[in-house]
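Worksheet: the structure to be examined is printed underneath.
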Amino acid sequence: MRLRDEMLARLRTAKLPEILIIGGGINGVGVFRDLAAQGVPALLVEAGDFASGTSAAPSRLIHGGLRYLETGEAALVRESLTERNLLLKNACHVVRPLACWVPLRSWLGGTLAAGARLLRLTRVPGPKGAVPVKLGLMLYDVFGRAHQTMPDHRLMTAAQARREMGGLLGPDIRAVAEYYDARISHPERLVMELVADAEADCPASVALNYVAAGPQDGGAVTLTDRLTGETFTVRPKILVNAAGAWVDEVQAGLGFNGRVIGGTRGSHLVLRHAELARDLGDRMLYFETDDHRACLIYRLSDDRVLLGTTDIRSDDPGDKFCTEAEIDYLFAVLRPILPGVRLGREHIVFAFAGVRPLPRMQAGATGAISRDHRIDEFAPSSDRPFTTLTLVGGKWTTYRAFAAQVTDRLLSAPGRSRLTGTEGLAIGGARGLPFAEADREIWAEGLAARAGVSPARCRQLTQRYGSRAAEVVAAEAADPARFASLGPYSPAEIALICRTERVVRLEDIFLRRTLMGFEGLASREILAEVGAVAARTLGWDGPRLAEEIARTGSLLQERHRMGIA
């Protein structure tokens, strides 16, 4: 990946692509990457860091959306399952299978109502027993046949499930349905790898973080570097508004009236609880709440679990704070499912929240709002002489399909055509990496033998970066120094990230380029050590380093509920 300064120099030349994409989340970057595969360059700008908005706040699932069958969105479920299977192959370094258990309190409850929802006679959520869930999972299995990589579902009695989970489930559970979806360990890294892949395929493509797009005037769009205040003027022929939860703000700056986004905030908690992580094992509990929402909990590591999510209407795209009421709610809805587990705020090591950019719906249950996507197209006008495509909705799992639809629309102009599909394109560190877990272990051991780095470290880096672990291993072989307070990461690793991944702020490292924040790895010593490496690599002076440490520490404490001791 080229340096950010090099990308800014390209802006100053005014020799830029005709397509401007506003928004560096997964949907905007997905379009950027698909266009590059066709040899069509684009200029992408993101007001914050890449994947710093809603794309950084999912439940970290790559899933078909079992509950979307409730709202009659069968086509979305079919598309999602196909995309899930593709990502399991194309991003095998960060997307892995996950067994999902659905605890059920009755056998027949809600059967008629579930049928009415499937037929779209109603969209109001309701209770679901084993029979309607079984029927839904049969359909789920059929929809997931394309590129299938995982087993079909099974239905267990409560006694069977308790034997497998050591009696952890509540006494009123009558049955448990098991099916498979997938989890993504590091969504922000996948976004960065898509940017790098795009620029490698099409060197004329330009992606810049911390560059804000201002209002347009007569076809001219002003871009502002948020670090220096330097401004640039671009005149696109096509503008793609992929700003996610900020779509309406961008639309207003382009001269459009009305609103298309009606967001809902989802909050999650990362909990340090070794006993619960052990009992959950390699499965997720996907459970219904008393208000007929769906929540989840699954293991992240030997001592951490992820609990989510809420679904609260919010018209503020920057609404990224998990509230005390939401914490109380998440603990309360889990209690009937796992009555023997004690959870308190002392277990929280990280909290995160984001606003889902859903299609605007004035009334009704938030769970009934469609998770599907659409493209709104606006022809050029006398005061806005470029075509505008506005991306509404969308979910992480279906980003590639959404991007393909947008790209096909952009390629409909004369002289352009699709050169290749993206269904089979490996992403970033998945290229050259064996698909099977056992084969990846062998690959990592071979890397260790060649580089003279320990097999355990090479396995850890392969889990983190896929085949790109080889670059980190080479850097560590040349500089074997270690941090005093941060065992899982190395100075050479952080320096490489700073040099090659357009790091602008210290928070980029803790929250997006690595999983340090998510893993609960932050203290004043860690901030200082990592900050010192960033300062040496990026040329920060003393005051800038102090500012970055203070800013990042405050952000981790105030927004993410981390204790910085």
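The values are calculated or read from the model by the stated rules, or taken from the named source; none is laboratory data. Keep in mind the model is a prediction, meaning the values are calculated, not measured. All Cβ positions, glycine included, derive from the backbone under ideal geometry; neighbour counts span all protein chains shown. Accessible surface areas use protein heavy atoms only, side chains included; no ligands, DNA or RNA. Shrake-Rupley method; radii C 1.70, N 1.55, O 1.52, S 1.80 Å.
Identify the GluC sites (Glu not before Pro) of region 224-330 meeting these criteria: DSSP loop state and at most 16 other C-beta atoms within 10 Å of the C-beta. It would help to have the intermediate numbers written out before the result.
Working: sites: Glu230, Glu249, Glu275, Glu288, Glu324, Glu326; in loops: Glu230.
Passing both the DSSP loop test and the Cβ count: Glu230.
Sorted by accessible area with a 1.4 angstrom probe, largest first, how do Leu433, Leu521 fall? Don't skip to the end; give the middle numbers.
On the way: Leu433 20, Leu521 40 Å².
Largest accessible area first, the list is Leu521, Leu433.
Taking H as built 1.01 Å from N, whose amide H comes closer than 5 Å to the amide H of Val240, not counting residues under 5 places away?
Distant-sequence amide H within range of Val240: Leu20, Ile21, Ile22, Leu389.
Please get the size of the charge dipole for the chain, origin at its Cα centre, with Cβ charges of +1 on Lys and Arg and -1 on Asp and Glu, quoted in debye to the nearest 20.
Working: 70 positive and 66 negative charges, 178 e Å.
Once rounded to the nearest 20, the dipole reads 860 debye.
Karplus couplings for region 44-58 from phi (6.51 cos²θ - 1.76 cosθ + 1.60, θ = phi - 60°), rounded to Hz, Gly and Pro as x?
Once θ is set to phi - 60°, the couplings for region 44-58 become 10, 10, 10, 5, x, 8, 4, 6, 9, x, 4, 5, 9, 10, x Hz.
Roughly how many percent of the accessible protein surface of region 219-277 is carbon and sulfur, given a 1.4 Å probe and a whole-percent answer?
47
For the peptides 452-458, 292-298, what is the packing order when you average, over each peptide's residues, the other Cβ atoms within 10 Å and list the highest mean first?
Ranking the peptides 452-458, 292-298 by packing returns 292-298, 452-458.
Can you find, among Thr388, Thr289, Trp443, the residue sitting farthest towards the positive end of the charge dipole of the chain, where Lys and Arg contribute +1 and Asp and Glu -1 at Cβ?
Thr289
Quick one: Debye curve from the alpha-carbon atoms of the chain only, equal weights, vacuum; give me log10 I(q)/I(0) at q = 0.08, 0.11, 0.12 Å⁻¹ to two decimals.
Debye curve over Cα of the chain, log10 I(q)/I(0) at q = 0.08, 0.11, 0.12 Å⁻¹: -0.54, -1.05, -1.27.
State the percentage of accessible surface on region 371-420 attributable to carbon and sulfur atoms; use a 1.4 Å probe and exclude ligands, DNA and RNA. Mind showing how you got there, number by number?
Details: 1070 of 2120 Å².
Its accessible area is 51 percent carbon and sulfur atoms.
Long-range amide H contacts for Phe350: which residues qualify at under 5 Å (H placed 1.01 Å from N, peptide plane, sequence gap of 5 or more or a different chain)?
Long-range HN contacts for Phe350: Val270.
Out of Tyr210, Gly308, Thr222, whose Cα points farthest toward the positive end of the dipole of region 203-327 (charges: +1 Lys, Arg; -1 Asp, Glu; placed on Cβ)?
Thr222
Determine the dipole magnitude for region 431-501: charges of +1 sit on the beta-carbon of Lys and Arg, -1 on that of Asp and Glu, nothing else is charged, the reference point is the Cα centre, and the result goes in debye to the nearest 20.
Once rounded to the nearest 20, the dipole reads 60 debye.
Set Lys and Arg Cβ to +1 and Asp and Glu Cβ to -1, take the dipole of the chain about its Cα centre, and tell me which of Ala528, Ala379, Phe321 lies farthest positive.
Ranked along the dipole, the leading option is Ala379.
Over the alpha-carbon set of region 1-52, divide Rg by the Kirkwood Rh and report the Rg/Rh ratio to two decimals. Walk me through the numbers on the way to the answer.
Details: Rg = 11.0 Å, Rh = 11.6 Å.
Radius of gyration over Kirkwood radius for region 1-52 works out to 0.95.
Would you pull out the residues with amide H under 5 Å of Thr264's amide H, same chain only if 5 or more places away, H placed 1.01 Å from N?
Sorted by chain and number, the residues that satisfy this are Ser314, Arg356, Leu358.
Looking at region 1-81, which trypsin sites (Lys or Arg not before Pro) are in a loop (DSSP not H, G, I, E or B) and have at most 14 other Cβ atoms within 10 Å?
Lys15
What chymotrypsin sites (Phe, Trp or Tyr not before Pro) does region 3-90 have in DSSP loop regions with at most 12 other beta carbons within 10 Å?
Here no loop site has a sparse enough neighbourhood.
Let me cross-check Ser382: its accessible surface, 1.4 Å probe, with only protein heavy atoms counted, in Å² to the nearest 10?
Ser382 exposes around 120 Å² with every protein chain in place.
Please report the relative contact order for the chain, taking Cα pairs under 8 Å with a sequence separation of at least 6, and give it as a percent rounded to a whole number.
18
Would you mind telling me the antiparallel percentage of the DSSP bridges in the chain, rounded to 5?
75
If you find the alpha carbon centre of region 367-390 and of region 309-358, how far apart are they in angstrom?
After rounding, the separation between the Cα centres reads 32 Å.
Rounded to the nearest Å, what's the spacing between the alpha carbon centres of region 420-469 and region 1-76? Just the number, please.
25
Solvent-accessible area per residue for region 381-515 at a 1.4 Å probe radius, Å²?
I get 39 Å² per residue for this part.
Work out the length of the dipole vector of region 169-279 about its Cα centre, built from +1 on the beta-carbon of each Lys and Arg and -1 on the beta-carbon of each Asp and Glu, and round it to the nearest 20 debye.
Roughly 260 debye, rounded to the nearest 20.
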